[in-house]
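The values are calculated or read from the model by the stated rules, or taken from the named source; none is laboratory data. The model shown is predicted, which means the values in this text are computed figures rather than measured ones. FYI the Cβ positions are ideal-geometry reconstructions off the backbone, even for glycines, and counts take in every protein chain you see.
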Amino acid sequence: MLSDTIQKTLASLNLEKVAAGDYGKTGYHVEAAAQPDQMPAVAQTMLDLGCFLESLTALDLKESFTLVYHFANFDQLCRTVVHASLAKTAQAPTISHIYAGADWYEREVYDLFGIRFAGHPDLKRILLPEDADFHPLLKDFGATQENA
């Protein structure tokens, strides 16, 4: 089964967590947690296993970010989620050289959260005007002392 192969292969990368998911509850067959600097290796592993990058997004947890990578497979129903915690001031390495589609996902995350991706070939805004000086999905976006 592909989910077993993914678990074994990701476990060999010494990630923080690799576990079977409960597809009925979470929609994932495999759940993993990695350091941001491990994501290029994770992405290459997933590509080698025939998976595609379904989406990439982020969560603002006020003190830090969590990058959320979703991978899937066309041939077998197998969805994998990988979470990577990132300090507010840190950059994540790009995976756009592995998955070309990550180029736009990373630009969107930069645009909406302000997260930079080291090594990205063209990290610029994709949705908002280039001169925008804000990132609308940050928890503190639009917060003032009166409404915080």
Hits in the stretch 107-148 (condition: more than 17 Å from ILE95 (Cα to Cα), loosely packed, with under 15 Cβ neighbours inside 10 Å, modelled with pLDDT of 90 or more and of a type in the set (D, E, K, R)): GLU130, ASP131, ASP133, LYS139
Surrounded by fewer than 19 Cβ atoms within 10 Å (Cβ to Cβ) and either in contact (Cβ under 8 Å) with a residue 40 or more places away in the chain or farther than 15 Å from LEU67 by Cβ (or both), is that true of GLY101? yes
Is it true that GLN35 is closer than 25 Å to TRP104 by Cβ and without any contact (Cβ under 8 Å) to a residue 60 or more places away in the chain? yes
Among residues belonging to the stretch 69-80 that are buried (at least 20 other Cβ atoms within 10 Å of the Cβ) and within 12 Å of the chain's Cα centre (by Cα), point out the one that is farthest from GLY24 (Cα to Cα). TYR69
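Please work out which residue is nearest to VAL18 (Cα to Cα), limiting yourself to the stretch 68-117 and to residues that are polar (S, T, N, Q) and in contact with a Cys (Cβ under 8 Å, 6 or more places away or on another chain). Full working, then the answer.
Kept after step one, since they are polar (S, T, N, Q), are these residues of the stretch 68-117: 73, 76, 80, 85, 89, 91, 94, 96.
So of that shortlist, the ones also in contact with a Cys (Cβ under 8 Å, 6 or more places away or on another chain) come out as 73, 80.
On the way: ASN73: 18, THR80: 10 Å.
The qualifying residue nearest to VAL18 (Cα to Cα) is THR80.
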Condition broken by LEU112, with the remaining ones in (1) in contact with a His (Cβ under 7 Å, 6 or more places away or on another chain); (2) part of a strand (DSSP E or B) satisfied: (2)
Scan the stretch 59-100 for residues that are among the small types (Gly, Ala, Ser) and in a loop (DSSP other than H, G, I, E, B) and report the count. 3
In the stretch 10-43, which residues are crowded, with 16+ Cβ neighbours inside 10 Å and in a helix (DSSP H, G or I)? LEU10, PRO36, GLN38, MET39, PRO40, ALA41, VAL42, ALA43
Give the residue, chosen from ALA11, ALA32, that is in contact with a helix residue (DSSP H, G or I) (Cβ under 6 Å, 6 or more places away or on another chain) and not hydroxyl-bearing (Ser, Thr, Tyr). ALA32
